[in-house]
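The values are calculated or read from the model by the stated rules, or taken from the named source; none is laboratory data. A quick note: this is a predicted structure, and the numbers were derived from the prediction, not measured. Neighbour counts run over all protein chains shown; Cβ positions are idealised from the backbone, glycine included.
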Amino acid sequence: MGEAIAVSQPRGSGPILETRDLKVQFKLKGGHKLSAVDGVTLSIVRNQSLGIAGESGSGKTTLGKTLLRIQKPTTGTVKFEGRDVTKLRGKELREFQRSVQMVFQDPFDAIDPLFTVFDAVTEGVRVGRIEKSRDKLEAIVSDALKRVQLSPPEEFIHRRITSLSGGQRQRVAIARSLAMNPSVLVLDEPVSMLDASVRGGVISIMEDLKKSGTTFVTITHDIATVRFFTDTLVVMYLGQVVETGATKDVVSDPLHPYSQALIAAVPVPDPSYHVKSLAKGEIANAAAPPSGCRFHPRCPYAQERCRVEEPKLREVRKGRFASCHFAQ
Amino acid sequence: MPSATSILSVRDLHVTFSTPRGPLYAVQGISFDLGEGETMGLVGESGSGKSTLALGILRLLPLNGKWTAKSISVMGQDVVSMSERDLNSAVRWTKLAYVPQASQNALDPLYRVGDQFVETVAAHAKVEREDVLKKAGTLLEQVGVDPAKLQSYPWELSGGQKQRVMIAMALILEPKIVILDEPTTALDTIIQAQILELFKQMRSFQKLSSIFISHDISVISNIADRVGVMYAGSLVEMASVSDIFKNPIHPYTQGLRESVPDVRKNKPISFIPGTPPDMVNPPPGCRFHPRCPYVQEVCKKSDPPLLPYPGDHYAACHFAERWVKQ
């Protein structure tokens with residue numbers, strides 16, 4: 001897994017965030033180890049949006065935490081603008097913390113009921129003492145609310161968070177990260193928990209962010225919506241990248257049998273189509289991953305070779321990488 | 001909505017919860033029939049009243065919930081005036097079983113799976129422990145779980161296995177009707193597909209009639225013969241699954257249909273502006289009117305009833321005629 005995944009890079013601009021052979025292991029009772037992330041190399045390029053998709057247990061959340069420096073890598077590195085994030089101190093660390101913003105799934109679940117939209121959106125700016133004057137803070141909030149289509153901003157700025165609907169709260173969650181003027185946003189399941197009739201509204205904000213050149217990473221299990229607002233898709237299985245490429249290519253013509261199973265299982269709003277469960281059984285325990293290809297016990301095409309030999313992530317077609325012995 | 005082979009029929013069911021802010025009108029006069037062998041998909045957003053409708057039919061509402069109904073008939077038997085005791089012995093689980101929402105968490109972590117089967121049966125029928133376990137083992141096999149898991153504790157099972165166990169448990173007393181509330185919502189996509197396939201096998205194998213509740217119209221399109229669309233406590237449309245997707249009448253159904261992505265297509269998706277109403281203070285008239293792109297004066301004043309249109313298609317919209325396919 002040494003090779004960098006080819007996220008097409010504009011000339012002359014290195015990645016904002018990159019990981020190299022990243023491994024995160026957790027110690028379990030009895031001396032066992034669980035590899036949540038097992039050798040992930042990827043680049044997040046300026047003005048691009050990256051989707052990381054996988055089921056529970058795929059390691060996508062741990063990977064996200066490691067990008068944010070919330071989780072320490074066991075081996076391998078995470079670099080922010082070329083510098084190892086674990087070595088950042090003082091001013092550099094504060095700059096990193098401002099530049100890489102996480103949008104949690106409804107972060108207002110346990111919020112102080114007295115918080116207003118203004119309080120929520122400016123919290124980071126106030127705590128980081130980036131801006132203090134009331135007028136400037138209001139301008140920041142107003143701009144952030146417009147970007148998430150909560151307009152006119154005057155109508156929302158003094159409302160309490162608790163009076164907002166789920167979709168509006170998710171927009172405020174995005175606005176409060178945008179207020180920090182970050183270089184990368186990392187979003188955890190930004191739309192999948194929202195009701196269908198309002199989900200499209202948040203998707204359209206994500207599309208706008210993409211068009212305006214905001215760099216972001218979306219972590220999700222929902223491969224159906226991620227295609228609307230990501231350029232590149234990374235599919236993870238048991239801590240490893242099994243496929244990556246342009247999102248539209250991966251979704252319309254997946255190369256790895258796991259990606260194929262994931263996409264065939266997505267229900268679509270069309271009664272003439274029926275979901276198929278191409279993969280047998282359930283995801284294995286990450287503390288005892290299967291030998292060879294980790295997907296082999298569930299794979300409909302598994303051969304003897306898959307049981308013994310671990311496939312490397314390789315360029316199967318131009319710009320399309322998959323870790324399967326038989327992908328073509 | 002009369003139906004010759006109706007196995008479950010509900011007339012004018014209302015459920016109101018008392019809340020500190022005042023009464024919350026969760027279900028507002030719902031009537032429908034479930035045909036024998038039919039799977040009715042019930043779709044709606046959070047707060048639309050789908051789960052409350054199910055709990056109302058089963059009379060399992062929380063203490064702050066009050067219900068009224070003209071009739072609720074389960075296999076020809078009116079249960080409205082039935083005592084709790086009779087309901088337990090003659091209806092619940094034996095005729096009509098229920099798989100609750102987040103049912104993976106409905107299993108008690110302190111008891112082995114087998115004991116939970118025994119306890120469930122004991123609440124509704126007199127069957128020997130050994131017979132229950134034998135039957136449970138057979139059912140577990142049918143739902144794709146190793147019968148040895150009867151000896152396991154729920155926390156030793158994965159989410160998908162727990163959901164399979166819950167489905168097996170619902171079927172232990174051979175009910176004719178099963179109500180499943182969001183049975184796949186907490187599951188990963190591939191496991192969801194497995195459970196949907198399993199449910200299709202089980203319903204034909206056991207000749208079940210069912211109500212399948214989901215917030216996800218794509219899941220419903222996969223599983224249902226007929227679909228009821230709920231909005232703000234009412235059924236706003238009911239039709240065959242193909243009509244709901246091909247010829248939706250109600251503007252809410254139309255909007256919902258367009259809000260859902262299709263992974264196979266790169267079609268832009270839209271959304272319905274605004275948010276579902278607060279059911280303590282619902283809007284007057286048609287409760288969808290504040291979000292409806294076709295709203296007229298009449299919609300703000302008068303609540304449209306659910307009316308029949310050709311092809312066993314029902315809709316509650318003042319302007320339904322506009323969208324009825326001639």
* Asked: Yes or no: A:Tyr258 under 21 Å from A:Glu18 (Cα atoms), crowded, with 24+ Cβ neighbours inside 10 Å and within 12 Å of chain B (Cβ to nearest Cβ)?
  -> no
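So that you can scan it fast, the table gives a plain yes or no per residue for (1) in contact (Cβ under 8 Å) with a residue 12 or more places away in the chain; (2) surrounded by fewer than 14 Cβ atoms within 10 Å (Cβ to Cβ); (3) under 18 Å from the mean Cα position of the chain (by Cα); (4) over 23 Å from B:Lys207 (Cβ atoms):
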position: B:Leu8; (1), (2), (3), (4): yes, no, yes, no
position: B:Val27; (1), (2), (3), (4): yes, no, yes, yes
position: B:Gly47; (1), (2), (3), (4): yes, no, yes, yes
position: B:Leu63; (1), (2), (3), (4): no, yes, no, yes
position: B:Val74; (1), (2), (3), (4): yes, no, yes, no
position: B:Ser83; (1), (2), (3), (4): no, yes, no, yes
position: B:Ala90; (1), (2), (3), (4): yes, no, no, no
position: B:Lys95; (1), (2), (3), (4): yes, no, yes, no
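When you look at A:Ser277, is it touching a strand residue (DSSP E or B) at 6+ places or on another chain (Cβ under 9 Å) and either of a type outside the set (S, T, N, Q) or surrounded by 19 or more Cβ atoms within 10 Å (Cβ to Cβ) (or both), yes or no?
no
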* Among the candidates A:Val275, A:Val235, which residue alone is of a type in the set (Val, Ile, Thr), under 22 Å from B:Leu187 (Cα atoms) and at pLDDT below 95? -> A:Val275
* Asked: Of the numbered conditions (1) modelled with pLDDT under 95; (2) surrounded by fewer than 16 Cβ atoms within 10 Å (Cβ to Cβ), B:His124 satisfies every one except a single condition; which is it?
  -> (2)
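Would you be able to tell me the number of residues in segment B:97-109 that are without any contact (Cβ under 8 Å) to a residue 60 or more places away in the chain and part of a loop (DSSP other than H, G, I, E, B)? Break it down into steps so the answer makes sense when it comes.
Keep residues of segment B:97-109 that are without any contact (Cβ under 8 Å) to a residue 60 or more places away in the chain, which gives B:105, B:107-109.
From what's left, part of a loop (DSSP other than H, G, I, E, B): B:107-109.
Residues flagged as without any contact (Cβ under 8 Å) to a residue 60 or more places away in the chain and part of a loop (DSSP other than H, G, I, E, B) within segment B:97-109 amount to 3.
For segment A:201-215, does any single residue satisfy the condition of being at negative phi, within 14 Å of chain B (Cβ to nearest Cβ) and acidic (Asp, Glu)? Talk me through it step by step, then tell me what you get.
Taking segment A:201-215 first, the residues at negative phi are A:201-212, A:214-215.
Pick out the ones that are also within 14 Å of chain B (Cβ to nearest Cβ) and you get A:201-208, A:210-211.
Now narrow it down to the ones that are acidic (Asp, Glu): A:207-208.
For segment A:201-215, residues at negative phi, within 14 Å of chain B (Cβ to nearest Cβ) and acidic (Asp, Glu): present.
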* Structure fact -> The residue that is farthest from A:Gln240 (Cα to Cα), considering only those in segment A:61-77 that are buried (at least 24 other Cβ atoms within 10 Å of the Cβ) and not β-branched (Val, Ile, Thr), is A:Leu67
* For segment A:286-316, how many residues meet the condition of being in contact with a strand residue (DSSP E or B) (Cβ under 8 Å, 6 or more places away or on another chain) and surrounded by fewer than 17 Cβ atoms within 10 Å (Cβ to Cβ)? -> 3
* Working only within segment A:182-196, note down all residues that are surrounded by 23 or more Cβ atoms within 10 Å (Cβ to Cβ), part of a loop (DSSP other than H, G, I, E, B) and either more than 13 Å from chain B (Cβ to nearest Cβ) or at pLDDT 90 or above (or both). => A:Pro190
* Asked: Taking strands (runs of 3 or more DSSP E) that do not extend beyond segment B:1-86, which have at least 1 residues that are touching a Gly at 6+ places or on another chain (Cβ under 8 Å) and of a type outside the set (A, V, I, L, M)?
  -> B:6-19, B:22-35, B:39-43, B:65-68
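Taking strands (runs of 3 or more DSSP E) that do not extend beyond segment A:11-61, which have at least 1 residues that are away from chain B (no Cβ under 14 Å) and of a type in the set (Lys, Arg)?
Working: elements: A:15-27, A:33-45, A:49-53.
So the answer is A:15-27, A:33-45.
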* **Residue list for segment A:220-237, filter: more than 7 Å from every other protein chain (Cβ to nearest Cβ) and either polar (S, T, N, Q) or buried (at least 24 other Cβ atoms within 10 Å of the Cβ) (or both)** => A:Thr220, A:Val226, A:Phe229, A:Thr230, A:Thr232, A:Leu233, A:Val234, A:Val235, A:Met236, A:Tyr237
* **Subset of segment B:163-190 [more than 14 Å from chain A (Cβ to nearest Cβ) and assigned to a loop (DSSP other than H, G, I, E, B)]** => B:Leu171, B:Ile172, B:Leu173, B:Glu174, B:Pro175, B:Lys176
* Are there any pairs with C-beta distances below 7 angstrom linking a residue in segment B:162-176 that is closer than 23 Å to B:Lys126 by Cβ to a residue that is of a type in the set (D, E, K, R), with the two at least 6 apart or on different chains, and if so which? -> B:Ile172/B:Lys135; B:Pro175/B:Lys95; B:Lys176/B:Lys95
* Asked: If we scan segment A:297-305, do we find a residue that is more than 23 Å from the chain's Cα centre (by Cα), within 14 Å of chain B (Cβ to nearest Cβ) and basic (Lys, Arg)?
  -> yes
* Asked: Among the residues of segment A:92-108, is any loosely packed, with under 13 Cβ neighbours inside 10 Å and part of a loop (DSSP other than H, G, I, E, B)?
  -> no
* Could you list, in sequence order, the residues of segment A:163-181 that are of a type in the set (Lys, Arg) and within 14 Å of chain B (Cβ to nearest Cβ)? -> A:Arg169, A:Arg171
* Asked: Which residue, of A:Val275, A:Val308, is β-branched (Val, Ile, Thr) and within 11 Å of chain B (Cβ to nearest Cβ)?
  -> A:Val275
* **Wholly within segment B:215-303, helices (runs of 4 or more DSSP H) carrying at least 3 residues that are surrounded by fewer than 24 Cβ atoms within 10 Å (Cβ to Cβ) and either among the aromatic types (Phe, Trp, Tyr) or more than 10 Å from chain A (Cβ to nearest Cβ) (or both)** => B:297-301
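Does segment B:198-208 contain any residue that is aliphatic (A, V, I, L, M), in contact (Cβ under 8 Å) with a residue 40 or more places away in the chain and more than 12 Å from chain A (Cβ to nearest Cβ)? So that I can check it myself, show each step before the final result.
Step one: filter segment B:198-208 for residues aliphatic (A, V, I, L, M), giving B:198, B:202, B:208.
Filter once more, so that each one left must be in contact (Cβ under 8 Å) with a residue 40 or more places away in the chain: B:198, B:202, B:208.
Those left that are additionally more than 12 Å from chain A (Cβ to nearest Cβ): B:202, B:208.
Yes, there is a match, as at least one residue in segment B:198-208 is aliphatic (A, V, I, L, M), in contact (Cβ under 8 Å) with a residue 40 or more places away in the chain and more than 12 Å from chain A (Cβ to nearest Cβ).
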* Structure fact -> For segment A:125-160 the number of residues that are under 24 Å from A:Gly200 (Cβ atoms) and within 25 Å of the chain's Cα centre (by Cα) is 8
* Only one of (1) over 30 Å from B:Gly44 (Cα atoms); (2) away from chain A (no Cβ under 14 Å); (3) at pLDDT 90 or above fails for B:Lys149. Which number is that? -> (2)
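Test B:Ile190 against the criterion of being surrounded by 24 or more Cβ atoms within 10 Å (Cβ to Cβ), closer than 25 Å to B:Asp262 by Cβ, over 15 Å from the mean Cα position of the chain (by Cα) and among the β-branched types (Val, Ile, Thr), and give yes or no. I'd like the intermediate steps shown before the answer.
On the way: surrounded by 24 or more Cβ atoms within 10 Å (Cβ to Cβ): yes; closer than 25 Å to B:Asp262 by Cβ: yes; over 15 Å from the mean Cα position of the chain (by Cα): yes; among the β-branched types (Val, Ile, Thr): yes.
Yes: the conditions hold for B:Ile190.
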